[in-house]
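Report on one structure; see the data block that follows.
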Amino acid sequence: MAKTTATPARPVRSTSVRQSTSRQTPTRRTPSRAKAKENIPVRPFQMPFDQKNMRIIFIGIAVIVLGYLLMYFSPVMSTMAITISPIILLLGYCVIVPIGIMAGIRGNRKRNSLTESSTNGASTNGSAANAV
């Protein structure tokens, strides 16, 4: 005769407790979209970079690609792969691309300060200072 072993009984969890609790829905509804303020003028989109900036950034990307190509096509332990290609990559990543990002900042600051100073007063002839 084959000997049968009984499996230990597992405690049965009552499912009625889980089914009796239902999820509560929030009573206050949150607005799905913020209301647009009608008094605020809309500024047109302006590109953060000029054509000069984009040219310098693209030159930096080309230098980076050149550095990777030199590293890929040179023999493994050659001077080109160990020294020249990393120097070219360093120039591309750390010099040319940041110059492309920051090029023209001084000119923009001067232009913005000139336009802000001329629009700060109510009038440009100085009569507002005499009226107060």
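Key figures for this structure:
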{"read-out": "Residue in the stretch 44-54 that is among the acidic types (Asp, Glu) and within 29 Å of Arg106 (Cβ to Cβ) present", "value": "yes"}
{"read-out": "Filtered residues of the stretch 63-77 (kept if surrounded by 12 or more Cβ atoms within 10 Å (Cβ to Cβ) and not in a helix (DSSP H, G or I))", "value": "Ser74"}
{"read-out": "Tally, over the stretch 35-74, of residues that are under 23 Å from the mean Cα position of the chain (by Cα), over 30 Å from Ile88 (Cβ atoms) and modelled with pLDDT under 85", "value": "4"}
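The values are calculated or read from the model by the stated rules, or taken from the named source; none is laboratory data. As the structure is a computational prediction, the values presented were derived from the model and not from experiment. FYI the Cβ positions are ideal-geometry reconstructions off the backbone, even for glycines, and counts take in every protein chain you see.
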